[in-house]
Every structure is written in C-alpha cells, then in structure tokens.
1. With each label point set 7 Å from Cα along the Cα-Cβ vector, what nm distance links residue 29 and residue 64?
2. In what sequence, highest mean first, do 44-50, 74-80 appear when ranked by Cβ atoms within 10 angstrom?
3. For labels at residue 71 and residue 2 in the simple 7 Å Cα→Cβ model, what's the distance in nm?
4. Given a 1.4 angstrom probe, what's the average accessible area per residue across region 27-77, in square angstrom?
5. Please give the contour-minus-distance gain from residue 52 to residue 38: 0.36 nm per residue of separation, less the Cα-Cα distance, rounded to one decimal in nm.
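The values are calculated or read from the model by the stated rules, or taken from the named source; none is laboratory data. These numbers come from a predicted model, not from an experiment. All Cβ positions, glycine included, derive from the backbone under ideal geometry; neighbour counts span all protein chains shown. These area figures cover heavy atoms from the full protein model, side chains too; ligands, DNA and RNA do not enter into them. Shrake-Rupley method; radii C 1.70, N 1.55, O 1.52, S 1.80 Å.
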Amino acid sequence: FEVTISDRKMIFADRKNRRFLGTPMEAKIHQLYGDSARFDYGPYLGTCDVVFVDGSHAYEYVQSDTEKAFQLVKPGGWVIW
C-alpha cells in the first residue's frame with residue numbers, strides 16, 4: 001500500500017528510544033516490526049491480550065491493520081488504535 005509523507009517519519013524513526021525500555025513492562029511487550037500489509041501474523045492469531053494498532057494513517061493500511069487486529073486478539077482482549 002502507499003504511505004503518506006508524514007508516515008515516513010515514523011517508519012524511519014530510531015527504535016532504540018522507546019519509553020518502555022528499561023522498565024518492568026519491557027519483558028511484557030513484544031513489538032513486531034515490518035510492513036503490516038505483508039507481515040505473516042499466523043503464529044500470533046488469537047493469542048494477544050492487547051493489540052495496539054499504530055501504523056500508517058493511509059486508509060488502506062488502517063482498514064487492513066484493523067481487520068488483522070481483530071484476528072490477533074484473543075477473546076476478552078482489547079484492540080486499541
């Protein structure tokens with residue numbers, strides 16, 4: 001899918017400066033990096049307590065990421081945008 005110019009800033013941002021790094025929560029967070037339109041989510045389907053959708057703001061990505069988020073979250077889990 002096409003990405004917006006403003007999305008490119010986040011795509012190429014330095015990933016070392018995440019707020020949870022070095023905190024007790026770090027061990028509980030598993031970030032997945034990659035193009036969400038091409039990523040293989042198979043191993044994670046129905047296994048996630050929380051899915052935080054924070055990707056491209058282009059319509060096609062939002063639609064695709066939302067559909068995948070509902071497949072990833074387990075019953076009783078949360079999807080957050």
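1. The modelled label-to-label distance comes out at 2.5 nm.
2. Values: 44-50: 13.0, 74-80: 10.7.
Highest to lowest by the protection proxy: 44-50, 74-80.
3. Each label point is offset 7 Å from its Cα along the Cβ direction, giving 2.5 nm.
4. Working: 3590 Å² over 51 residues.
Dividing the accessible area of region 27-77 by its residue count gives 70 Å².
5. Details: separation 14, 0.36 × 14 = 5.04 nm, distance 1.76 nm.
Extra length from residue 52 to residue 38 when fully extended: 3.3 nm.
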